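The values are calculated or read from the model by the stated rules, or taken from the named source; none is laboratory data. Computed from a predicted structure; not experimentally measured. Because the Cβ atoms are built from the backbone with ideal geometry, glycine has one as well, and the counts that use them run over all protein chains shown. Keep in mind that these areas ignore ligands, DNA and RNA; they rest on the heavy atoms of the full protein, side chains included. Shrake-Rupley method; radii C 1.70, N 1.55, O 1.52, S 1.80 Å.
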Amino acid sequence: MTTKTSDELRLSILGMSCAGCVSVVEGALAAVDGVTEVSVNFADHSAVVKGHADPELLKQAVKAAGYDAAVMEGFEDPSEQEEQELQRYRKLMKKAAVAAVFGLSLMLADHLEWLPEIGSSTGLWVWPEIALITLSILIYSGWHFYSGAYKSLTLGQANMDTLIALGTGSAWLYSCIVIDYYDTLPSLAKHAYFEAAVMILAFINLGSGLETLARGKTSSAIRQLIGLQPRTARVIRNGEETDVAIEEVGLGETLRVRPGEKIAVDGVLLEGHSTVDESMLTGESLPVEKTTGSEVVAGTMNQTGSFLFTATRIGRDTALAQIIKSVRQAQSSKPEIARLADKISSVFVPAVVAFSVLTFLIWYAFGPDPSLGYAFVTSMTVLVIACPCALGLATPISVMVAVGRAAQSGILIRKGEALQTAGKLTCLILDKTGTVTEGKPTVSTVEAIGDISEEQLLQLAASIESGSEHPLAAAILAAAEQSQVKLEKVKQFEAVAGHGVMAIINERRVLFGNKALMDEQGVNYTRFNNRLEELSALGQTPMLLAVDNKIGRIGSLPIATLPPSMAVVGIIAVSDPIKKDSAHAVQLLKDQGVRIIMVTGDNPITAHAIAKQAGILEVRAQVLPQDKAEVVKELQQAGEIVGMVGDGINDAPALAQADVGFAIGTGTDVAIESADVVILQGSLLKVPEAIELSKATVINIKQNLIGAFFYNTVSIPVAAGLLYPLFGVLLNPMIAGAAMALSSVTVVSNANRLRWMKFAERK
């Protein structure tokens, strides 16, 4: 009985040598029953397969295509990955060294005329031995190229291995022909190219090794995130504390964390108090205070105190696991610009082989004597210099580095397309609550009227709101708790949707709500209109409290006089202050040329007041969550490239509709499927950082692509002998090998510059 993959599977692909291999592997995987989508990343030699397919069939399909595959699951040990990369690097360096030592020795001996003439009596036995030694070095230093070329040939395909095998193999074969038929060849064609064959392999292996070393650094963010996961956890079972492997921790178990230890799984504090360093997940350097009821996230570092917590998410469900998954998805995804490079690479190698044959025929037919020698050298040089590695690496290597750099800064890019689009945004829609503002309403004004005190006013408001689940009620109850106000018993509680609440307290009828509630209950508040407007203009939400005129006591304090019937006895205003960095973030976005619009369901007066504090000029108020997507669509139809920043839940339709959706959340909100980018901490400053990174990444990709195209456009004609009629210059095959290797190293090195990118300074 076979099992099927669920939604997504990651495979490590072994044996890919160039961008031409990408389309072959993608085609092989896509043909497997149940596969809906495939994305192969040449930069980290991995594949992401979506759908429901048998993993064994996937591996068999890859092997049938001439490569090898292994399923990647769970938290791969970063030290093992690094060791494998290091072993590959050392192996390539050893192969390069062996080829270089022999090649340079042969070149030096030839230059100093230590070698006998090929046709001489001494040369008849020396040169065949040189040929055999060369063959053994070709096998040792280049077997992976020859075996790869053979596999491609059996499948009717061509890749980088094909070019290298043809180039070096033909050099050795031609040199052997020179030895065997020395007397019959023209004098100018009597040259062996054994040193060229081995030096080409020396340069290519050297370039591949340096590329492996540099490419390994591109996944440093992933390795750091994986390294955050502790290997053991201290659980409390049967009243005893026991260290167990992280895989053995179950949901609902109680765990202890001591000072200086990493938190093993996600959970909620049961007992204790501490501060936790969450910088690796959120990019925020300041430690976060944790008390009973606080959430903690796997991989973060406990600092000062010891505490107990209960496990709420384990294994692949933890925030850390979701972050790693999302980063890998983004690194493996392909922006539109990458698909162009893949298409070109898939036809590039066959075109180069054809061009090499054409070069040979032209030189053989029209070249000077010895035309055969010139034809051979030029066609071999074309094959060697035209490796498409640089072209294939140009986009994925930049995407990998950029996504990793973003993750280190607390920006989780879930889709590679967002990297290409974010820098093109012309308009950004900001939700108000929790995005521009803190999202935590607090009591900002308490004004008692007449003989009632502010303490009595807060006591009545908190007592009546104790039965409400409204966010504003939480703010009033928090203020009462802070002032140590004792709550009174409430009878006949009634909530009026959108207006307020009513109840009986100490035999008095009490109303607490907005002007609409007062109008409905016939309470006169006209003399407070100016004050209500003033508070609204300050970005506060004012509420009126009214009681009846029954003589008596409210709590332990008497009320001397009250107006007849129901009357307003006080105003309590709640405000949601803007985040300390919202105004600076808005200014940075403006400096980037982005049009900013705040869209909120709040009333126009409060919305404009908040917008003014943040420096936002355009506001759309009283917009329901479900209608925000229509606002996005309207702007898109007007020609704007629209980004949406929201909380990822209420704003999900708008986030999905936007060209780039930014979800403001915490480390536990990483599974917001509707967003392209998740800001792990609440700072709006991360949005201009993401846009800045997007622009830098697109520039970096273009630099790589232009460099790779320019290299091939210029080098191939030069290798074919374009400069010979004008300047008498022919490109040496060894120099071609060095140039080919250098092109890939240059692309990888240029992409790695993004790792050290600095964002605009915070104020």
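Going through (1) in contact with a Pro (Cβ under 8 Å, 6 or more places away or on another chain); (2) touching a residue at least 60 places away in the same chain (Cβ under 8 Å) one by one, Leu460 falls short only on (1). The number of residues in the stretch 409-431 that are assigned to a helix (DSSP H, G or I) and open to solvent by 10 Å² or more (accessible area, probe 1.4 Å) comes to 5.
Name the single residue, out of those in the stretch 606-648 being assigned to a strand (DSSP E or B) and more than 28 Å from the chain's Cα centre (by Cα), that is surrounded by the most Cβ atoms within 10 Å (Cβ to Cβ). Please lay out each step first, then the result.
Restricting attention to the stretch 606-648, the residues satisfying the condition of being assigned to a strand (DSSP E or B) are 618-620, 642-646.
Next, from what is left, pick out any that are more than 28 Å from the chain's Cα centre (by Cα): 618-620.
Working: Glu618: 13, Val619: 21, Arg620: 16.
Applying the filter and picking the extreme gives Val619.
Looking across the stretch 541-567 at every residue that is touching a helix residue (DSSP H, G or I) at 6+ places or on another chain (Cβ under 7 Å) and open to solvent by 10 Å² or more (accessible area, probe 1.4 Å), the one that is modelled with the lowest pLDDT is identified as Leu557. Scoring Glu447 on the criteria (1) outside any loop (DSSP other than H, G, I, E, B); (2) under 30 Å from Gln322 (Cβ atoms) leaves a single failure, condition (2).
Could you identify the single residue in Val22, Val62 that is in a helix (DSSP H, G or I) and at pLDDT below 85? Even if it seems obvious, please write down each step before you answer.
Values: Val62 fails: at pLDDT below 85.
Only one candidate qualifies: Val22.
Filter the stretch 1-19 down to residues that are touching a His at 6+ places or on another chain (Cβ under 8 Å), modelled with pLDDT of 75 or more and farther than 17 Å from Phe145 by Cα, then give me how many there are. Residues meeting the conditions: 1. Of note, Ala720 satisfies the criterion of being open to solvent by less than 20 Å² (accessible area, probe 1.4 Å), on the phi < 0 side of the Ramachandran plot, modelled with pLDDT of 85 or more and more than 22 Å from the chain's Cα centre (by Cα).
So for the stretch 434-451 (the condition being under 43 Å from the mean Cα position of the chain (by Cα), crowded, with 24+ Cβ neighbours inside 10 Å and either over 21 Å from Val660 (Cα atoms) or at pLDDT 85 or above (or both)), does at least one residue qualify? Walk me through how you get there before you give the answer.
Taking the stretch 434-451 first, the residues under 43 Å from the mean Cα position of the chain (by Cα) are 434-444.
Checking which are crowded, with 24+ Cβ neighbours inside 10 Å leaves us with 435-436.
Cutting the leftovers down to either over 21 Å from Val660 (Cα atoms) or at pLDDT 85 or above (or both) gives us 435-436.
Yes, the stretch 434-451 contains at least one residue that is under 43 Å from the mean Cα position of the chain (by Cα), crowded, with 24+ Cβ neighbours inside 10 Å and either over 21 Å from Val660 (Cα atoms) or at pLDDT 85 or above (or both).
When only residues in the stretch 184-196 that are at pLDDT 75 or above and farther than 12 Å from Phe376 by Cβ count, which is most open to solvent (accessible area, probe 1.4 Å)? Show your work before the answer.
So the first thing to find is which residues in the stretch 184-196 are at pLDDT 75 or above, and the list is 192-196.
Add one more test, that the residue is farther than 12 Å from Phe376 by Cβ, and what stays is 194-195.
Numbers: Phe194: 1, Glu195: 30 Å².
Of everything passing the filter in the stretch 184-196, Glu195 is most open to solvent (accessible area, probe 1.4 Å).
The residue of the stretch 110-126 that is nearest to Glu195 (Cα to Cα), among those that are part of a helix (DSSP H, G or I) and in contact with an Asp or Glu (Cβ under 9 Å, 6 or more places away or on another chain), is Asp110.
Might you check whether a residue that is open to solvent by 30 Å² or more (accessible area, probe 1.4 Å), under 24 Å from Asp519 (Cα atoms) and over 48 Å from the mean Cα position of the chain (by Cα) occurs anywhere in the stretch 493-500? Yes: one or more hits.
Among what's in the stretch 680-689 and is in a helix (DSSP H, G or I) and open to solvent by less than 10 Å² (accessible area, probe 1.4 Å), pick the residue that is modelled with the lowest pLDDT.
Here is the first cut: in the stretch 680-689, the residues in a helix (DSSP H, G or I) are 686-689.
Checking which are open to solvent by less than 10 Å² (accessible area, probe 1.4 Å) leaves us with 686-688.
Values: Lys686: 91, Val687: 94, Pro688: 95.
The selected residue is Lys686.
Tell me, which residue of the stretch 129-141 that is touching a residue at least 12 places away in the same chain (Cβ under 8 Å) and open to solvent by 50 Å² or more (accessible area, probe 1.4 Å) is nearest to Phe102 (Cα to Cα)? In this case the residue turns out to be Ile133.
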